[in-house]
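Here, each number is a calculation from the coordinates, and none is a lab measurement. What you see is a predicted model, and the numbers here were worked out from it, not measured in a lab. Here Cβ is always computed from backbone atoms with ideal geometry, including for glycine, and neighbour counts include all displayed protein chains.
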Amino acid sequence: MVKNSKAWGKLSKNFDSGVKRRINPSAADNILVAWPQILKAIGRHSPGKRVLDYGCGTGGLCNLLNLKGFKVTGIDFSEDMIKIAKKQTSKKIDYFVGDKKTLKNFKRGFAAISVCMVLPFIKNLNPYLKVFFNSLGSKSIIAIAVFNPDFIKALSKEKKIFKPIKDEPRVFNFTLSENPPIKTYLRAEAEYKKNFSNQGFKFLYSAYPKFSKKFIKTYSWPFAPKIPEFLIMAFRKV
Ligand SMILES: C[S@@+](CC[C@H](N)C(=O)[O-])C[C@H]1O[C@@H](n2cnc3c(N)ncnc32)[C@H](O)[C@@H]1O
């Protein structure tokens, strides 16, 4: 079986946010719909400037946070993603190849953590949420983007991108191009709330941003255009 970090590496070109070029259409949903929501959450609610982007991919969101004056650290377990991030974004950003074990060794006290489209691919959230909690300072926040469960359901019905896995209810194989399938865990808002609250986080708000007409037209967006793809949630460490 292909290691998840390698499977993601094969998708590094799909997720290359093209910081210095035009927007990469295969990452346009993250860039134009999810990232603005994460930036808004952090911009409005972070009590400080030191932020971490967990599962930063090719660094586009780190780059925007850096431009907004945050002191940014990006971490991702895919070497291919971090290679692109280092090449195309600001040298002021600290990048690391690693996962939650690596994060445990970082200096604590981040003012905010963003986790954009990473948690749906993680089976057991609790060990991750615990490390995030311990990495944050008091009154700090975490902003996440995950799949809206209705979006996964609609696409799997159409047999697009998500395929149900036999005998594993609410788990889907995610395949974008030729990448080895990556398991995706369908969770509703209430389940995320419960997981975060069990670790001591206080719920701030949630949002289901819609695709704009312009987005659908510009990117000839073929997937369930009326159903929001993302569920955005923000929590505070209390
Ligand atoms: C869908 S991409 C999102 C990338 C980026 N956050 C964005 O919004 O464009 C998921 C990213 O999470 C990374 N990832 C997935 N599981 C991870 C884990 N357990 N630890 C660290 N990184 C992970 C992948 O390598 C990939 O770069």
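May I ask you to say which residue of 52, 11, 61 is near the ligand (Cβ under 9 Å from one of its atoms) and in contact with a strand residue (DSSP E or B) (Cβ under 6 Å, 6 or more places away or on another chain)?
Values: 52 fails: near the ligand (Cβ under 9 Å from one of its atoms); 11 fails: in contact with a strand residue (DSSP E or B) (Cβ under 6 Å, 6 or more places away or on another chain).
Result of the check over 52, 11, 61: 61.
Reported count of residues in segment 192-209, each being surrounded by 15 or more Cβ atoms within 10 Å (Cβ to Cβ) and either part of a helix (DSSP H, G or I) or charged (D, E, K, R) (or both), is 4.
Mind checking whether some residue in segment 175-191 is of a type outside the set (A, V, I, L, M, F, W, C), part of a loop (DSSP other than H, G, I, E, B) and without any contact (Cβ under 8 Å) to a residue 60 or more places away in the chain?
Step one: filter segment 175-191 for residues of a type outside the set (A, V, I, L, M, F, W, C), giving 175, 177-181, 183-185, 187, 189, 191.
With the extra rule that they be part of a loop (DSSP other than H, G, I, E, B), the set shrinks to 175, 177-181, 187.
Within this subset, residues satisfying the condition of being without any contact (Cβ under 8 Å) to a residue 60 or more places away in the chain are 175.
For segment 175-191, residues of a type outside the set (A, V, I, L, M, F, W, C), part of a loop (DSSP other than H, G, I, E, B) and without any contact (Cβ under 8 Å) to a residue 60 or more places away in the chain: present.
If the condition is being touching a residue at least 40 places away in the same chain (Cβ under 8 Å) and away from the ligand (no atom under 12 Å from the Cβ), then segment 126-145 contributes 126, 129, 130, 133, 135, 136, 137, 138, 139, 140, 141, 142.
Residues that are among the hydrophobic types (A, V, I, L, M, F, W, C) and away from the ligand (no atom under 13 Å from the Cβ) were ranked within segment 64-74; the one that is surrounded by the most Cβ atoms within 10 Å (Cβ to Cβ) is 70. If the condition is being among the small types (Gly, Ala, Ser), without any contact (Cβ under 8 Å) to a residue 40 or more places away in the chain and surrounded by 17 or more Cβ atoms within 10 Å (Cβ to Cβ), then segment 75-97 contributes only 85. Cβ-Cβ distances below 8 Å connect the following pairs, each with a first residue in segment 26-46 that is outside any helix (DSSP H, G or I), a second residue that is not polar (S, T, N, Q), and a separation of six or more residues or different chains: 46/70; 46/111; 46/112; 46/141.
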